[in-house]
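**Q** If you scroll down you'll find the structure; I have some questions about it.
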Amino acid sequence: MLKYATPAQLKQYFEPVIRGEKSTCFALTETHSGSDAQSIKTSAIADGDDLVINGGKHYISGAPFADFAIVMCVTDASTTPPAISAVLVDLDLPGVTVTNEYVPMSGQHIDGDIHFDNVRLPRANIFGGEGNGFKLGMSRINVNRLLHCPTMLGLATRAYESSLEYAGQRRQFGGPIARFQAIQHMLADMAAALWACESMITHTAALADAGADLRMKAAACKLFVSERCFEVADKAVQIHGNVGVTRGHPVEQTFRKLRMFRIFTGTSEIQRNTIARTILEPLQQNA
Ligand SMILES: Cc1cc2nc3c(=O)[nH]c(=O)nc-3n(C[C@H](O)[C@H](O)[C@H](O)COP(=O)(O)OP(=O)(O)OC[C@H]3O[C@@H](n4cnc5c(N)ncnc54)[C@H](O)[C@@H]3O)c2cc1C
């Protein structure tokens, strides 16, 4: 953000975010446009020094309480693919409506839809240059994929620690369930998975700090960590028995939260597509 914002955008939008005075959200997805992100229809049409925005965004994290959104809009539909630009949109402008009528399975009511009906704002609100939005969005998503990983690891680690404690306390057939090899093997698989995730995250983060190309590695990290951490949560539910499937128990809540990470910032299938595209690039160049 800081690299691409103009001095005026920094002052009006990003510095207040850094000071904790404003909040923002990133709006790409539309009801008909998910994984196929280039198929968005929300348009920002130039009218003199202004832009006029029409369309709508769906399932946007933080939208219900954001002051402004970074909205991906088609600014020229005549090219193939259409030119997409990132536009900074204050969410209190006339013509903007934010709704949040659905609750994701995590139970956290933080996602919403944003509707734009002839929303007029200065053309100077284009962020990162006209037509550069898709490229900027994708490079942000690479880092974001990696940044979700420590959250997943933290959630899964808590579920593992809870399982370890429960296995020591819960008694069946005259002793703690931790003495059953079946329980020990689940705990061992959980510990091994968490160690693999931690190692992978730390290594990928070091590569990110060194400025490496993250396309394949961030996708691999998000894919692996989201799938392994969900398996850890599943085992945690199993070890906790009926306690683990009871609404409101931390392990049950963690299971639902971790399930969602396999969908957002690119589904597991899209991560596999990205990895495959990158590893097959040399073959295609030689073909
Ligand atoms: C909790 C949550 C928060 C979100 N926050 C935001 C946000 O802040 N901003 C934002 O812009 N979006 C956000 N999203 C939207 C999210 O990015 C999309 O849900 C995601 O990209 C997948 O799109 P979709 O749900 O429309 O699924 P679809 O794209 O319709 O996919 C449906 C199924 O088809 C598969 N599929 C699709 N294309 C392919 C393909 N080429 N190859 C193989 N399989 C394929 C998918 O993997 C999936 O299994 C959020 C979503 C959730 C659930």
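Values quoted throughout were computed directly from the atomic coordinates according to the rules given, and no laboratory measurement underlies them. Keep in mind the model is a prediction, meaning the values are calculated, not measured. Virtual Cβ from ideal backbone geometry, glycine too; neighbours counted across all protein chains shown.
**Q** Can you work out D for the range 115-203 in µm² s⁻¹ from Stokes-Einstein, where Rh is the Kirkwood radius over C-alpha pairs, the temperature is 10 °C and the viscosity is 1.306 mPa s?
**A** On the way: Rh = 17.3 Å.
Result for D is 92 µm²/s.
**Q** Just want to confirm a number: the relative contact order over the range 77-177, from Cα pairs under 8 angstrom separated by 6+ residues, in percent. Mind showing how you got there, number by number?
**A** Values: 81 pairs, mean separation 25.5, N = 101.
RCO, the range 77-177: 25 percent.
**Q** Continuing with this model, one more query. Take the alpha carbon atoms of the chain, find their radius of gyration, then divide it by 2.2 N^0.38 Å using N residues; give the quotient. All intermediate terms of the calculation are to be shown ahead of the outcome.
**A** On the way: Rg = 22.2 Å, N = 287, 2.2 N^0.38 = 18.9 Å.
Here the answer is 1.17, to two decimals.
**Q** Check residue 111: other-chain or 5+ apart residues with amide H under 5 Å from its amide H, H built from backbone geometry?
**A** Amide H neighbours of residue 111: 62.
**Q** Report the charge-dipole magnitude of the chain in Debye, nearest 20, computed about the Cα centre from +1 at each Lys and Arg Cβ and -1 at each Asp and Glu Cβ.
**A** Values: 27 positive and 28 negative charges, 203 e Å.
For the chain, the charge dipole is close to 980 debye.
**Q** Next question, about the same structure. In whole Hz, what ³J(HN,Hα) sequence does the range 87-95 give by Karplus (6.51, -1.76, 1.60; θ = phi - 60°), x for Gly and Pro?
**A** Going residue by residue, I get 10, 8, 10, 5, 7, 9, 6, x, x Hz, with x marking Gly and Pro.
**Q** Which residue, chosen from 218, 63, 112, occupies the Cα position most advanced towards the positive end of the dipole of the chain, where the dipole is computed from +1 (Lys, Arg) and -1 (Asp, Glu) charges on Cβ about the Cα centre?
**A** 218
**Q** Figure the gain on full extension for residue 67 and residue 3 (residue separation times 0.36 nm, minus the Cα-Cα span) and round it to one decimal in nm. Don't skip to the answer; put the middle values down first.
**A** Working: separation 64, 0.36 × 64 = 23.04 nm, distance 2.10 nm.
This chain segment gains 20.9 nm when fully extended.
**Q** With a Förster radius of 45 Å, plug the Cβ-Cβ distance of residue 260 and residue 78 into 1/(1 + (r/R0)^6) and report the FRET value to the nearest 0.05. Mind showing how you got there, number by number?
**A** Values: r = 37 Å, r/R0 = 0.83.
E between residue 260 and residue 78, to the nearest 0.05, is 0.75.
**Q** Right, another one. Tell me, how many Å apart are the Cα centres for the range 1-80 and for the range 242-287?
**A** Distance between centres, Cα-based: 25 Å.
**Q** Sticking with this structure for a sec: Work out the FRET efficiency for residue 47 and residue 202 from their Cβ-Cβ distance, taking R0 = 35 Å, and round it to the nearest 0.05. Could you put the intermediate results ahead of the total?
**A** Details: r = 49 Å, r/R0 = 1.41.
The computed FRET efficiency comes out at 0.10.
**Q** Using only Cα atoms, find the angle between the long axis of helix 215-240 and the longest principal axis of the chain, and express it within 0 to 90 degrees, rounded to the nearest 10.
**A** With both axes taken from Cα atoms, the answer is about 40 degrees.
**Q** Please determine, in degrees from 0 to 90 and to the nearest 10, the orientation of helix 268-286 with respect to the longest principal axis defined by the Cα atoms of the chain, where the helix direction is its Cα long axis.
**A** 70 degrees
**Q** Turning to a different aspect of this structure: Which whole-number percentage describes the relative contact order of the range 2-130, with Cα contacts under 8 Å and a sequence gap of 6 or more?
**A** Working: 270 pairs, mean separation 34.4, N = 129.
Relative contact order comes out at 27 percent.
**Q** How far, in degrees from 0 to 90, does helix 133-169 lean away from the longest principal axis of the Cα atoms of the chain, to the nearest 10?
**A** Helix 133-169 sits at roughly 20 degrees to that axis.
**Q** According to the Kirkwood expression over distinct Cα-Cα pairs, how big is the hydrodynamic radius of the range 165-226, in Å?
**A** Details: mean 1/r = 0.0719 Å⁻¹.
It is 13.9 Å.
**Q** Looking at the chain, identify the longest residue range that excludes and avoids all trypsin sites (Lys or Arg not before Pro) in DSSP loops having at most 13 other Cβ atoms within 10 Å.
**A** Within the chain, the longest run free of exposed trypsin sites (Lys or Arg not before Pro) spans 20-246.
**Q** Still on this structure, please answer the following. Inverting the mean 1/r over all pairs of different Cα atoms, compute the Kirkwood radius of the range 43-102 and quote it in Å.
**A** Numbers: mean 1/r = 0.0791 Å⁻¹.
Hydrodynamic radius (Kirkwood, Cα pairs) of the range 43-102 is 12.6 Å.
**Q** Please work out, to two decimal places, the log10 of the ratio I(q)/I(0) at q = 0.09, 0.16, 0.17 Å⁻¹ from a Debye calculation in which every Cα of the range 1-159 carries one identical scatterer.
**A** Computed log10 I(q)/I(0) values: -0.30, -0.94, -1.06.
**Q** Roughly how many nanometres apart are two label points built 7 Å out from the Cα toward the Cβ at residue 21 and residue 191?
**A** Distance between label points: 5.1 nm.
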